[in-house]
1. Kindly indicate which of GLU42, GLU58 is open to solvent by 60 Å² or more (accessible area, probe 1.4 Å) and in contact (Cβ under 8 Å) with a residue 24 or more places away in the chain.
2. Identify, please: which residue in region 254-267 is assigned to a helix (DSSP H, G or I) and touching an Asp or Glu at 6+ places or on another chain (Cβ under 7 Å) and is, among those, most open to solvent (accessible area, probe 1.4 Å)?
3. Only one of (1) farther than 30 Å from TRP92 by Cα; (2) in a helix (DSSP H, G or I); (3) in contact (Cβ under 8 Å) with a residue 60 or more places away in the chain; (4) open to solvent by 50 Å² or more (accessible area, probe 1.4 Å) fails for HIS310. Which number is that?
4. In this structure, is GLU436 touching a residue at least 60 places away in the same chain (Cβ under 8 Å) and either of a type outside the set (Phe, Trp, Tyr) or closer than 26 Å to GLY297 by Cα (or both)?
5. Inspect region 46-55 for any residue being touching a His at 6+ places or on another chain (Cβ under 9 Å), of a type outside the set (Lys, Arg) and surrounded by 17 or more Cβ atoms within 10 Å (Cβ to Cβ) and give the result as yes or no.
6. Filtering region 339-365 down to residues that are of a type outside the set (Gly, Ala, Ser) and more than 26 Å from the chain's Cα centre (by Cα), which residue is most open to solvent (accessible area, probe 1.4 Å)?
7. What number of residues within region 365-384 are assigned to a helix (DSSP H, G or I) and charged (D, E, K, R)?
Amino acid sequence: MDVDAILAEVRSLADRGELHTIVARYGAIDDTPESQTWHSTELLYEIGRAFGMLGNEEKVERYLLRCAELAPRRAAVFHCAIGWYFQRKKKWTKALRWYDRALSSFPTYHLCLFRRGYCLEKVHRPREAVEALGRARQIWEDAPSEQRQRGRGVQVQVLFHLSRGLRDLGDFEGAAEALDQCCALDRGSNPPTIREEHMLACRGELQLRRGDLDAALAAFAAARDLDAESSYHWERLGRAYELRGEVEAAEAAYRRATLLPRGAFAFLALGRFHLHVTRRLPEAAQALVEAMQCLLGAEPLIRLELARLHLACARPRAALAQAERALACRGEGGFPDALRLAADLAEQLGRLGDAARHLDALGRLMPDDATLAARRAALAARGVRDETTSTTDPPLPPELAILDQVASDPTAEERRVGIVDRFFAEKGFGFLHYDEGRSIFFHVTQCEEGGEGIAPGTRLSFRIGHNPKKGKTQAEALRRVE
């Protein structure tokens, strides 16, 4: 068969969803680079897409990079396609690396800027997300009318996520303007790009942050009426009731949310509610343990609430262990609340070096906060050396014994020293040797000082942690050792 006939067959198989057949028949043409099939951009792209749908990361990169070699003027499109594969797999850092590569050769690539902003939002880098989405917004507005029409659906999503980002940064006026533009642009679309209940929920969250509790409650109730099986709508209704002081209605809404599909996050909300509002600590503990068991993706947030729960029981050492575990879990992006609590607890326990380190990290996230600089200076004046304290935590009350199920492993808190054996800078990960020949994986997102300058032979101290996605150990909270 000639290349055109093979391409027609592959497209026909793809239309019927027979991806395994595509891979079985044509998934090894990269082993025959002299063949004409290895020189057909369209064919390689279709086969690469099939590998992507089947989850073969190595083949996706190989086939789509070959497409970029064959069609260098369209290289950004293929680099963006690789990024989209990793985004769909929720590998945000890898996706960002490919989006950056695409934008380096095509800086006005509207779709790629949107996807980059989306991934930055997922790794908790809101300022960078807003910058990328703002650029995408302006590029679309400056484009000719024909291009704007083609990119209209993407622009609706740009405005929706831009509104969320501006809201999270406290720019409520800008968030409201972006959301209004999003609604206006999506009006009349069939089907709508953003479902109406999602628009309502987004507006409700904005009103909640602005303190307009009546408007927030009305928006969340309208969203709930459109989709009564959404645990998110019920959970946000609970938050609105809570802020209005309607404690019974809030608890009822939270509990309703826990019973619905995808209601795991509501256990975290219920735990927070009992910890901070009703002060029923056993029920807070029960809900947070439940959240930890079924919501591993929110482990940093759950650990932070567990730290606050231990603090409410006058257990600062256990609280600090949970706060530092929360920071280790949140490897990507910043976590100001956990950093602030960890700094407070470390200083209280006389661990001044750790307190200074947490304040430095917080200062990088909030460079304009004068109080942080003053506090860091006060620590420096004390010499930033640890002050030994002999106090130990009291035991957990019997009614809170369930917290032992989610205790931060004390052995994991011990710091070890290893030497970088292998490091793949382009992929952002490597392996450390420690304890006379043992090896452990690490990723640059877990390096407290960033990945710059890391190479084979670099000495790093670390804690042993756990990667819930892969079910394996990994090095966390890495620091350089001189």
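1. GLU42
2. Selected residue: PHE265.
3. It is condition (4) that HIS310 fails.
4. no
5. So the first thing to find is which residues in region 46-55 are touching a His at 6+ places or on another chain (Cβ under 9 Å), and the list is 50, 54.
Then drop every residue that is not of a type outside the set (Lys, Arg), which leaves 50, 54.
From what is left, the residues that are surrounded by 17 or more Cβ atoms within 10 Å (Cβ to Cβ) are 50.
Yes, there is a match, as at least one residue in region 46-55 is touching a His at 6+ places or on another chain (Cβ under 9 Å), of a type outside the set (Lys, Arg) and surrounded by 17 or more Cβ atoms within 10 Å (Cβ to Cβ).
6. Step by step, filter region 339-365, then rank; the result is GLN348.
7. 2
Results for (1) out of contact with any Asp or Glu (no Cβ under 9 Å at 6 or more places or on another chain); (2) open to solvent by less than 60 Å² (accessible area, probe 1.4 Å); (3) not in a helix (DSSP H, G or I), shown as yes or no for each residue.
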position: GLN147; (1), (2), (3): yes, no, no
position: SER163; (1), (2), (3): no, yes, no
position: LEU179; (1), (2), (3): yes, yes, no
position: LEU185; (1), (2), (3): yes, yes, no
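The values are calculated or read from the model by the stated rules, or taken from the named source; none is laboratory data. Since the structure is predicted, the reported quantities are computational estimates derived from the model, not experimental observations. Here the Cβ is made from the backbone with ideal geometry for all residues, glycine too, and neighbour counts use every protein chain on show. When the accessible area is computed, the model is the full protein with side chains, heavy atoms only, and any ligands, DNA or RNA have been set aside. Shrake-Rupley method; radii C 1.70, N 1.55, O 1.52, S 1.80 Å.
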